[in-house]
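To start, the structure itself, in structure tokens.
The values are calculated or read from the model by the stated rules, or taken from the named source; none is laboratory data. What you see is a predicted model; the values in this text were computed from it and never measured. Cβ sites come from the backbone with ideal geometry, for glycine too, and all protein chains shown count toward neighbours. Ligands, DNA and RNA are stripped out before the accessible areas are found, and what is left, the full protein with its side chains, is counted by its heavy atoms. Shrake-Rupley method; radii C 1.70, N 1.55, O 1.52, S 1.80 Å.
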Amino acid sequence: VAQPLGDELIGMEDVLDDVVAPLAATAPVLVVVLDGMGWPTFTDVLERIETRGWDAYTDPDHHVTKPLVATLPTVTELSRTSLLCGTLRSGNKESERRAFTGHSRLIAASAADRPPQLFHKTDLRAGGLDAIPHDALDVISDDRNRVVGIVLNNIDERLKDVSQPVGGWGLDELTPLREILDAARIAGRA
């Protein structure tokens with residue numbers, strides 16, 4: 001049974017309503033989900049992203065600075081799905097896509113002819129390789145698309161191998177994140 005988290009925490013299922021939708025009302029947004037990422041990996045990735053000119057965002061209501069509580073258990077079918085659906089639930093990439101693209105507050109922040117879009121790792125492969133298709137890059141780089149989400153499974157897939165990258169997690173290990181961030185910069189995305 002879900003219990004209220006109180007004002008000091010934010011639940012995974014509240015991120016779309018409390019953070020993404022209000023931000024999308026003022027700027028184009030890119031939601032990046034790195035499936036399987038824990039705190040040590042987060043610090044590796046954050047450092048690499050900051051060296052490319054990206055800064056942490058702080059919203060006026062300070063939702064972003066609140067600790068985020070993942071859905072338990074922290075398996076993809078529950079935690080990632082609850083994040084991308086905006087409600088506590090289980091599901092898969094298809095239910096995530098339907099809920100994300102149909103999320104009422106994300107739609108309200110979007111133009112009628114440019115609804116929210118969500119790309120999973122398989123949508124970000126060209127010819128079976130981790131080379132992002134041009135149509136996905138076009139969507140991300142176009143600021144008329146207010147809300148775009150991407151899900152990368154590089155970390156989750158690597159966890160199954162046990163071995164971690166020797167130099168830590170950087171943009172080379174998270175292909176095609178570098179290209180996605182470059183396209184997001186063109187659109188002025190948060």
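Brief remarks on what is shown
- LEU46/ALA111 FRET efficiency (R0 35 Å; Cβ-Cβ; nearest 0.05): 0.65
- With K and R counted +1 and D and E -1, the other residues having a Cβ less than 15 Å from that of GLN3 yield a net charge of -4.
- Neighbours of ALA111 by Cβ distance under 13 Å: Lys/Arg scored +1, Asp/Glu scored -1, total 0.
- Taking every protein chain into account, the 1.4 Å probe leaves LEU88 with about 80 Å² of accessible area, to the nearest ten.
- Value of relative contact order over segment 31-158, rounded to a whole percent, pairs C-alpha under 8 Å and six or more apart: 29
- When the chain is reduced to its Cα atoms, the Kirkwood hydrodynamic radius in Å: 17.1
- Two-site label geometry, HIS134 and ARG185: point separation in nm, points 7 Å out along Cα→Cβ: 2.2
- Of the chymotrypsin sites (Phe, Trp or Tyr not before Pro) in segment 7-114, the ones in a loop by DSSP (not H, G, I, E or B) with at most 16 other beta carbons within 10 Å are TRP54, TYR57.
- Residue-level accessible surface for ASP7, protein heavy atoms, 1.4 Å, Å²: 130
- Total formal charge among the other residues, if their Cβ is under 13 angstrom from that of SER95, Lys/Arg +1 and Asp/Glu -1: +2
- Where a label projected 7 Å from the Cα of ALA27 along Cα→Cβ would reach, residues of segment 176-190 with amide N under 16 Å: 181-190
- Check: segment 1-147 dipole with +1 on Lys, Arg Cβ and -1 on Asp, Glu Cβ, in debye: 400
- Mean residue ellipticity, 222 nm, helices only, the chain: the sum of -39500 (n - 2.57) across DSSP H runs of n ≥ 4, divided by residue count and rounded to 500, is -8500 deg cm²/dmol.
- Surface accessible to a 1.4 Å probe, ILE140 within the full protein complex, Å²: 0
- Around the amide H of GLY149, modelled in the peptide plane, lie the amide H atoms of VAL31, GLN117, LEU118, PHE119, all under 5 Å away and 5 or more residues distant in sequence or on another chain.
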